1. Looking only at the stretch 181-195, which residues are crowded, with 22+ Cβ neighbours inside 10 Å, over 13 Å from the mean Cα position of the chain (by Cα) and either within 7 Å of the ligand (Cβ to nearest atom) or not hydrophobic (A, V, I, L, M, F, W, C) (or both)?
2. Consider L148 against the criteria (1) crowded, with 24+ Cβ neighbours inside 10 Å; (2) over 26 Å from K198 (Cβ atoms): it satisfies all of them except one. Which criterion is unmet?
3. Could you check the stretch 60-89 and list, in sequence order, the residues that are within 16 Å of the ligand (Cβ to nearest atom) and either modelled with pLDDT under 95 or outside any helix (DSSP H, G or I) (or both)?
4. Show me the helices (runs of 4 or more DSSP H) found entirely inside the stretch 92-192 where at least 1 residues are within 29 Å of A235 (Cα to Cα), of a type in the set (F, W, Y) and free of Cβ contacts under 8 Å to residues at least 60 places away in the same chain.
5. When the residues of the stretch 229-270 are narrowed to those that are of a type in the set (S, T, Y) and crowded, with 18+ Cβ neighbours inside 10 Å, which ends up nearest to the ligand (Cβ to nearest atom)?
6. Looking only at the stretch 29-38, which residues are out of contact with any helix residue (DSSP H, G or I) (no Cβ under 7 Å at 6 or more places or on another chain) and at negative phi?
7. Could you check I5 against (1) in contact (Cβ under 8 Å) with a residue 24 or more places away in the chain; (2) within 27 Å of F114 (Cβ to Cβ) and say which number it fails?
8. Please work out which one of (1) within 13 Å of the ligand (Cβ to nearest atom); (2) among the basic types (K, R); (3) surrounded by fewer than 17 Cβ atoms within 10 Å (Cβ to Cβ); (4) within 22 Å of K74 (Cα to Cα) is the condition K128 fails and give its number.
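The values are calculated or read from the model by the stated rules, or taken from the named source; none is laboratory data. Predicted model, so just to flag it, every value in this text is computed and none were measured. Methodologically, a virtual Cβ is constructed for each residue, glycine included, from the backbone with ideal geometry; neighbour enumeration extends over all protein chains shown.
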Amino acid sequence: MAQDILKGKRGIITGALDENSIAWKVAEKAHQQGAMFTLTNAPIAMRMGQINKLAELTGSQIIPADATNMDDIKNLYEKSIDVLGGKIDFVLHSIGMSPNVRKNIPYTELNYDFYNKSLDVSAISLHKMLSSAYKMDALNEEASVVALSYIAAQRAYPFYNDMAEAKAMLESIVRSFGYHYGKAKKVRINSVSQSPTKTTAGTGIKGFDDFFNFAESLSPLGNASAESCADFCVALFSDMCKMITMQNIFHDGGYSNTGVSMEAMEKFKS
Ligand SMILES: NC(=O)c1ccc[n+]([C@@H]2O[C@H](COP(=O)([O-])OP(=O)(O)OC[C@H]3O[C@@H](n4cnc5c(N)ncnc54)[C@H](O)[C@@H]3O)[C@@H](O)[C@H]2O)c1
């Protein structure tokens, strides 16, 4: 494995709640590759999570921020630039939450206040983070922003509930802001559409374990792990991917391009 591909780069990593979090693995890998970064999460998650342990492991400072709150986001950039000693080279958006999913409300009966909250936390927060950075000029030229998505943005996944709309919106923000930030400062913005992964957010979805097994049986390479997702995020942050922007890239072991697998066919043998 190449070493130090993020040497000298300064970043912000959102969404590390516990060791299972995709963001946790990204922080570990970015640290191994020589990056300096700050860690952030919603103040409430700080109390429940184990982020202090990760901060110790990676020599990072924690700056609490609710990603829906513009004042918190501004403070996050100001403090990060101060702590890291310069503007930011990479940002990981690894944030998702739906009150409708949490409360097991069926898609056909969505609570609309909750619906707005799902979109705000899981998608509009990316726009807020980008627009704050844009106004503050907080990102360096050629910085790289990565958000995490899921294939329910394009296809119907009944159990994914209103998170499907949140991910569709997230991917649209990636394209739209990618255009503006690319023109202005060559900043790259991409989303990584990840396999089902056993994390707090993932396993909070009803029927997750069954679906995890289904996806595993359909993907020629099997489900992509959180660790391999982190490797890919680090590659996107690096200078090896300078011309990739406004993309949603499937990181799913081939699942998205597989119609049916022989293993799945076996189950329906007549
Ligand atoms: N786990 C999966 O199967 C899977 C698959 C594809 C994409 N993703 C996406 O990956 C990302 C990370 O999720 P994960 O699976 O690592 O789960 P996770 O539960 O570990 O991470 C979700 C994070 O979002 C944070 N968050 C929630 N509300 C917030 C707010 N208002 N402000 C700031 N942070 C807030 C949580 O505290 C948590 O740290 C999410 O966008 C998720 O949708 C997950």
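1. Y181, R188
2. Single failed check for L148: (2).
3. S60, I62, I63, P64, A65, D66, A67, T68, N69
4. Helices (runs of 4 or more DSSP H) meeting the threshold: 125-136, 163-185.
5. Start the filter on the stretch 229-270 by keeping residues that are of a type in the set (S, T, Y), which leaves 238, 245, 255-256, 258, 261, 270.
Filter once more, keeping what is crowded, with 18+ Cβ neighbours inside 10 Å: 238, 245, 255.
Values: S238: 20, T245: 19, Y255: 11 Å.
Filtering first and then ranking leaves Y255.
6. Q32, A35
7. (2)
8. Tallying (1) within 13 Å of the ligand (Cβ to nearest atom); (2) among the basic types (K, R); (3) surrounded by fewer than 17 Cβ atoms within 10 Å (Cβ to Cβ); (4) within 22 Å of K74 (Cα to Cα), K128 fails exactly one: (3).
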